[in-house]
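The values are calculated or read from the model by the stated rules, or taken from the named source; none is laboratory data. All figures in this text were calculated on a predicted structure; none of them were measured in a lab. A quick note on method: Cβ atoms are made from the backbone with ideal geometry, for glycine too, and the neighbour counts reach across all protein chains shown. For the accessible areas, the whole protein counts, side chains as well, though only heavy atoms, and no ligand, DNA or RNA atoms are used. Shrake-Rupley method; radii C 1.70, N 1.55, O 1.52, S 1.80 Å.
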Amino acid sequence: QVQLVESGGGLVQPGGSLRLSCAASGSIASINVMGWYHQAPGQQRKLVASITSLGAPYYADSVKGRFTISRDNVKNTVYLQMNSLKPEDTAVYYCNLNGGLQNYWGQGTQVTVSS
């Protein structure tokens, strides 16, 4: 069993920054992809960014140049640095770990971008 614990959400003004963290614990597959998804009210959950265990990142077009994903394999933690935040980034952000037969989700953390 794997547990994912997220932190770092909150309220920020447009143009501001937030850093999300997600710590994984348990029996984690050595080769995996960790990622962040977001889900706004009434919308489907969408991939924001992901990173492989070897460090290869992927970004949705909407966040390229503004968000940076990174991970610490020793701590089994993935980070999402979000800069130049926009009101349309407002959503619940979920951490995901996918590897082998594993697919786990965190509980979600709210990010609200508003003046």
Report summary line: Reported set for region 11-41 where residues are open to solvent by 40 Å² or more (accessible area, probe 1.4 Å) and at pLDDT 95 or above is L11, Q13, P14, G15, S17, R19, A23, V33, Y37, Q39
Report summary line: Counting only residues that are among the polar types (S, T, N, Q) and under 18 Å from A29 (Cβ atoms), region 40-59 contains a total of 3
Query - So S70, is it outside any strand (DSSP E or B) and either among the polar types (S, T, N, Q) or open to solvent by less than 40 Å² (accessible area, probe 1.4 Å) (or both) - result: no
Query raised in the report: Quick one: how many residues across region 73-83 are β-branched (V, I, T), within 22 Å of V12 (Cα to Cα) and either in contact with a Phe, Trp or Tyr (Cβ under 6 Å, 6 or more places away or on another chain) or open to solvent by 40 Å² or more (accessible area, probe 1.4 Å) (or both)?
Result: 0
Query - Failed item in (1) open to solvent by less than 60 Å² (accessible area, probe 1.4 Å); (2) more than 23 Å from G16 (Cβ to Cβ); (3) under 14 Å from the mean Cα position of the chain (by Cα), with N98 passing the rest - result: (1)
Query raised in the report: Within region 64-105, which residues are β-branched (V, I, T) and closer than 13 Å to I28 by Cβ?
Result: V74, T77, V78
Query raised in the report: In region 102-115, which residues are surrounded by fewer than 19 Cβ atoms within 10 Å (Cβ to Cβ), touching a residue at least 24 places away in the same chain (Cβ under 8 Å) and of a type outside the set (G, A, S)?
Result: Q102, Y104, W105, Q107, Q110, T112
Query raised in the report: Of all residues in region 52-67, how many are open to solvent by 80 Å² or more (accessible area, probe 1.4 Å) and either among the acidic types (D, E) or not in a strand (DSSP E or B) (or both)?
Result: 4
